[in-house]
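Here, each number is a calculation from the coordinates, and none is a lab measurement. Owing to the predicted nature of the structure, the values given are computational and were not obtained by experimental measurement. Cβ: placed from backbone, ideal geometry, glycine included. Neighbour counts: every protein chain shown.
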Amino acid sequence: MPIAAPANDLFEVFFDLSALGGILFRPVRDAAGEVIDLAYERLNPAAQRMLALPECPAETFLTLYPHALATGIFAFYRGAVLTGETRRGKFNYQYDGLDNYFHLTARRSGEHLVVSFTDTSEQPRSAVEVALRESQAAEQAARTEAERQRGELERVFEQAPLAIAVYRGPAYTIELANPTVARLWGRTRAQLLGKGLFEALPEVAGLGYEELLDGVMATGVPHVARAMEAQHDRNGHRETVYWDFVYVPMYAADGHIDGAMVVATEVTAQVLARRQVEQLNAALETRVQQRTEELAALNQELTATNKELQESNRQLTRTNVDLDTFVYTASHDLKAPITNIESIVQALRDTLPPAVQQEELVAHLLGLLDTTVARFQVTITQLTDISRLQLAHAGLAEPVVLAQVVEAVREDLGPLIAAAGTGLTVEVAPELVVSFPPSNLRSVVYNLLSNAVKYRAADRPSQVRVRAEPLGSAVVLTVQDNGLGLSELQQRQLFGLFQRLHTHVEGTGVGLYISKRLVENGGGTIAVSSRPDAGATFTVTFPV
């Protein structure tokens, strides 16, 4: 490949055979004519071997060896181009894949730069050179590590979610401010860097930060602050904000304190939320106090009401005792007179001749006497049943097999069921057991089943269904019939004392009243569901 200058054959032979490295550069200039780089025109074989490059590299000199700027080699070449003088220099280059000590000679030739060089990579090195290279290598390694650590630290600062800034000197010049602190201060980094803290942020002057920083600078003791108030201009208006931060002293190379670093996080939202919670707590305490006072007043009223209720209960208890005593006494004291009257009427019938008894007036009077005696006997029976209810209330509950009680009642009512032509269906599992006084359980079942048979409809065959099933911690017994049924008004009156809703059937009017009392006293419930002329269903729950 021919070269531009010189062009004679002798130079070609000398260039190719020289043991020195030879490079022919063409200066690269900018629009103003300044030399900004060097393009390779040709490398002789020695240069190709020493630099491990092809004869004519496509890349420019600074592209291949960017550290030539910092080491001064490019300035050495540029000076040779500009002055036209022959220049010689020695350079230790340990960058960009090279580790050599170069002896360089450079001179401009026309529009080109001719460079010859040797390196010491293949020559014995003196002890001084070895020590120098080792020192330079160590220094370079340390510098590289320091640059790496500095770069890593700067990246951490840049990416940290915390606000970080470094102040230097007595004016606290902002040397470093990461994006987070700039955003929280409401400034751009260009508005902060190189300016004093209180020049860049005049709104925080006079709030005590100067004294804190002065103290850290004077003592070397870090300062930690919690929820400290500050004013910052943000979005065109001044805002009150709160910070958690720490001031840490920064030391110069000679060991004296020449600045401080701040690491902070804004806690405005937390402070405002805490204050809101405190306000809410105060309001809540006030309301609680008010409610406590109201409850105390209500409690006094309830206490007074309870005392009144207790007194009323005592009076009712005394009244009930008196009533029970009266009922018991009346039911027993009236039995003998009624029995005597019944005996007298019977003696009168035995004494009067049959003809006299057939007389209209006599027969009418005897009938009235019979009716009156019967009514008295019914009344005495009712009073006796009510007095028995108080004794039944004290009955002890015990496990009772429900199916056995239902079967016993069915047998007792057998004649009534047969006479009424009632179809009776019983669906009670033999293992169902309830906890109830046995005699009270029999009374309840007897009353419900006898009523279902007695209050049948005349226009259709009587059907009664007795069924029981477990439900949670109870057993539910239902007695269902297709009899006369009840209106809503009758259902509300049904469990009252002396309530007889169908007068064509004999009864005392206390059966369902007693049944309800027995069931509820035993811890159960009783209810009815019915419609007129559509039968009735009684539902009883018994504890187990």
Inset, instruction - Subtracting the Cα-Cα distance from 0.36 nm times the residue separation, let me have the gained length for LEU280 to ALA408 in nm, one decimal. - result: 39.1 nm
Legend entry - For ARG234, residues with placed amide H under 5 Å, excluding near neighbours: GLU239
Inset, instruction - Sort MET50, MET250 so the one with the fewest other Cβ atoms within 10 Å of its own Cβ comes first. - result: MET250, MET50
Inset, instruction - Search the structure for amide H atoms under 5 Å from the amide H of ARG187, placed 1.01 Å from N in the peptide plane, and list their residues when 5 or more places away or on another chain. - result: none
Legend entry - Modelled FRET efficiency - R0 25 Å, ASN340 with HIS364, Cβ distances, 0.05 increments: 0.65
Legend entry - Alpha carbon centroid spacing (whole Å) that separates segment 420-462 from segment 241-290: 80
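Test of the criteria: in segment 414-503, which trypsin sites (Lys or Arg not before Pro) are in a DSSP loop and have at most 15 other Cβ atoms within 10 angstrom of their Cβ?
Answer by residue number: ARG500.
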Legend entry - Inter-label distance for LEU352 and ASP16, nm, one decimal - labels placed 7 Å from Cα along Cα-to-Cβ: 17.4
Legend entry - Gain upon complete extension [GLN231, TYR93; 0.36 nm per residue less C-alpha separation]: 44.3 nm
Inset, instruction - If a/c stays under 1.5 just call it rounded; otherwise compare a/b with b/c (prolate if a/b is bigger, oblate if not). Do that for segment 160-266, with a ≥ b ≥ c from the square roots of the Cα gyration tensor eigenvalues. - result: prolate
Inset, instruction - Calculate one ³J(HN,Hα) per residue across segment 180-193 by plugging θ = phi - 60° into the Karplus curve 6.51 cos²θ - 1.76 cosθ + 1.60, and present them in order as whole Hz with x for glycine and proline. - result: 5, 5, 4, 5, 5, 7, x, 10, 8, 5, 5, 6, 10, 4
Inset, instruction - Provide the per-residue ³J(HN,Hα) series for segment 93-103, in order, calculated from phi with Karplus coefficients 6.51, -1.76, 1.60 and θ = phi - 60°, each as a whole number of Hz, with x at glycine and proline positions. - result: 10, 10, 9, 6, x, 10, 8, 9, 10, 9, 9
Legend entry - Nitroxide proxy distance, nm - points 7 Å out along Cα→Cβ at ALA297 and ALA429: 5.7
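How do LEU368, LEU184 rank when sorted from fewest to most other Cβ atoms within 10 Å of their own Cβ?
Ranking LEU368, LEU184 by Cβ neighbours within 10 Å, fewest first, gives LEU368, LEU184.
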Inset, instruction - Name the residues whose placed amide hydrogens come within less than 5 Å of the amide hydrogen of GLY259, ignoring near sequence neighbours (fewer than 5 apart) on the same chain. - result: GLY169, MET250
Legend entry - Karplus-derived HN-Hα couplings along segment 37-47 (A = 6.51, B = -1.76, C = 1.60, θ = phi - 60°), whole Hz, x at Gly and Pro: 6, 10, 9, 7, 9, 6, 10, 6, x, 4, 5
